[in-house]
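Presented below is the structure to which this report refers.
Every read-out reported here was derived from the displayed coordinates using simple, explicitly stated rules and does not represent laboratory data. The structure displayed is predicted, hence computed values, not measured ones. Every residue, glycine among them, receives a Cβ derived from its backbone with ideal geometry; neighbour counts consider all protein chains shown.
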Amino acid sequence: MIPRPLRFISVLSALLSLTACAGLPVRGSIGGQAIETRVDSEVARYYLASYRAGKRSDASLDAQIDRVYQGADGDLPDRSELKRLSDEFSSDFAALYLADQIAREPLNRRFRSAFDEAYDYTRKALRGGRLTLPEAAADFEVLLVPTYLYKSFTFTGADFAAPRAALERVGFTCHFVETDEVGAVEANANLVMAAIRTRAQSGRRLIVVSASKSGPEVALALTRLGPAETGHVAAWINTVGALQGSPMADERLGPEIDLILGQGDASGRESMTTARSRQRFKSFRIPEHVLVVNYFGIPVSGSISFWARRGFFPLRKHGPNDGVLLLSDMIFPGAPTLAELGRDHFLLNDHLDITAVALAITVIRWLENPDPTSSMPGS
């Protein structure tokens with residue numbers, strides 16, 4: 001009997017015929033994040049390599065891109081706008097434009113600066129075994145809510161094993177919510193609610209961390225609990241949050257899941273359909289005292305990973321995506337947003353130990369001082 005993970009890899013390998021070598025090579029940066037990759041069109045290549053660098057050498061393209069910026073209303077482009085840009089230019093152009101708009105927002109710039117400082121400190125300190133948490137960290141604990149198939153496919157990082165170990169190693173108290181790995185969002189939200197209530201008497205402030213499908217589960221739990229029962233909840237880190245579902249659930253673009261697990265309980269997949277998820281999204285009312293942080297990747301054609309490629313190319317007809325979710329559908333409005341250029345839904349697994357600790361430090365420092373000028377020990 002071939003182990004399930006190996007069977008999964010074999011099935012995916014047979015299904016995947018696309019190659020990362022296609023596209024136009026390009027090098028550039030957005031919001032201080034450098035990337036060298038391939039993109040799906042000349043306009044995307046020109047935008048990243050030339051337009052964003054101030055090297056305006058194509059009057060026609062310059063005029064077209066200028067009109068995109070002139071038409072922006074000050075908010076991040078939504079799903080329909082990104083779809084329009086994908087159709088008019090290309091999916092990679094729309095993705096890069098979203099990355100730039102995220103980086104331009106003052107709130108996001110401040111949070112990115114704080115996170116980058118924390119990440120650099122954490123990377124060096126963990127390597128030397130000399131990490132010092134903020135003094136206020138003793139007042140916090142972390143609640144981790146896993147995502148879809150976290151028991152079946154632990155090798156994807158869905159079970160939060162790496163970040164949990166890293167957080168505990170540096171001194172955080174962590175708690176794990178045992179959800180139904182294929183259960184409906186609404187049913188799992190009840191389990192999250194119970195876990196949050198249990199921590200109310202701990203005397204510590206709670207940082208809730210979700211990933212992908214557990215994003216709407218946490219959002220629904222916080223909405224149902226309301227301000228009265230979430231006074232101890234300080235923050236929610238919404239990592240690659242499937243807040244508005246995925247077209248993959250509508251179009252059943254994951255036959256490998258059915259092949260390996262059988263039909264099983266379809267409630268989890270059905271609860272992630274876009275119609276149901278978008279309606280549920282409208283009901284979310286996160287208590288105002290809870291700091292929400294969005295964290296996700298923005299890939300382009302040349303940076304997509306093996307795992308994400310299965311969904312990335314079919315989903316491009318809906319607009320830019322991370323291989324599982326449409327990019328704009330992961331954003332909780334009004335919250336600080338960290339977007340990792342070139343990363344996809346699964347490449348966020350890289351350096352999860354450093355990222356988890358750095359995010360926790362950043363959130364704590366931000367809660368203590370929302371506009372820090374220098375937050376790291378020894379700065």
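Points worth noting:
- Estimated FRET transfer efficiency (Ser60, Ala200; beta-carbon r; R0 51 Å; 0.05): 0.25
- Anisotropy class of region 153-302 from Cα gyration tensor, a/c 1.5 cut: prolate
- Helix-only mean residue ellipticity at 222 nm for the chain, each DSSP H run of n ≥ 4 adding -39500 (n - 2.57), per residue, nearest 500: -13000 deg cm²/dmol
- Prolate/oblate/rounded label for region 148-237 (Cα gyration tensor, a/c 1.5): oblate
- Restraint check, Lys55/Lys83; Lys83/Lys213; Lys83/Lys282; Lys55/Lys282, Cα-Cα greater than 31 Å: Lys55/Lys282
- For the chain, a Gaussian network of Cα nodes joined below 10 Å ranks Gly323, Gly157, Gly32 by mean-square fluctuation, and the top entry is Gly32.
- Near Glu81, once Lys and Arg are set to +1 and Asp and Glu to -1 for all other residues with Cβ below 12 Å from its Cβ, the sum equals -2.
- Remark: the Glu168-Glu368 segment gains 69.9 nm on full extension, using 0.36 nm per residue and subtracting the alpha carbon distance.
- Ratio Rg/Rh [Cα only; Rh per Kirkwood] for the chain: 0.96
- Each residue, Asp139 and Glu178, gets one label point 7 Å from its Cα in the Cβ direction; the gap between the two is 3.3 nm.
- In this entry, region 95-202 is assigned a mean projected area of 9.6 nm², taken as a quarter of its C-alpha convex hull surface.
- Under DSSP loop assignment and at most 15 Cβ neighbours within 10 Å, longest GluC sites (Glu not before Pro)-free interval of the chain: 1-177
- Three-way shape call for region 50-123 based on the alpha-carbon gyration tensor, with the a/c threshold at 1.5: prolate
- Considering only the chain, percent of DSSP beta bridges that pair antiparallel, nearest 5: 25 percent
- Within the same chain, aspartates and glutamates fewer than 8 places from Lys151 are excluded, and of the rest, those with a Cα less than 13 Å from its Cα are Asp159, Glu178, Asp180, Glu181.
- Local net charge near Leu325, Cβ-Cβ under 12 Å (Lys/Arg +1, Asp/Glu -1): -1
- When DSSP beta bridges are restricted to pairs lying wholly in region 123-253, around 0% turn out antiparallel.
- Among residues other than Pro336 with Cβ under 11 Å from its Cβ, the summed charge is +2 (Lys and Arg +1, Asp and Glu -1).
- Restricting the trypsin sites (Lys or Arg not before Pro) of region 67-132 to loop positions (DSSP other than H, G, I, E, B) with no more than 10 neighbouring Cβ atoms within 10 Å leaves Arg130.
- Basic side chains Lys and Arg get +1 at the Cβ, acidic Asp and Glu get -1 at the Cβ, and with that the dipole of the chain about its Cα centre reaches some 340 debye.
- Separation of the Ala266 and Asp120 label points, Cα + 7 Å toward Cβ, nm: 5.2 nm
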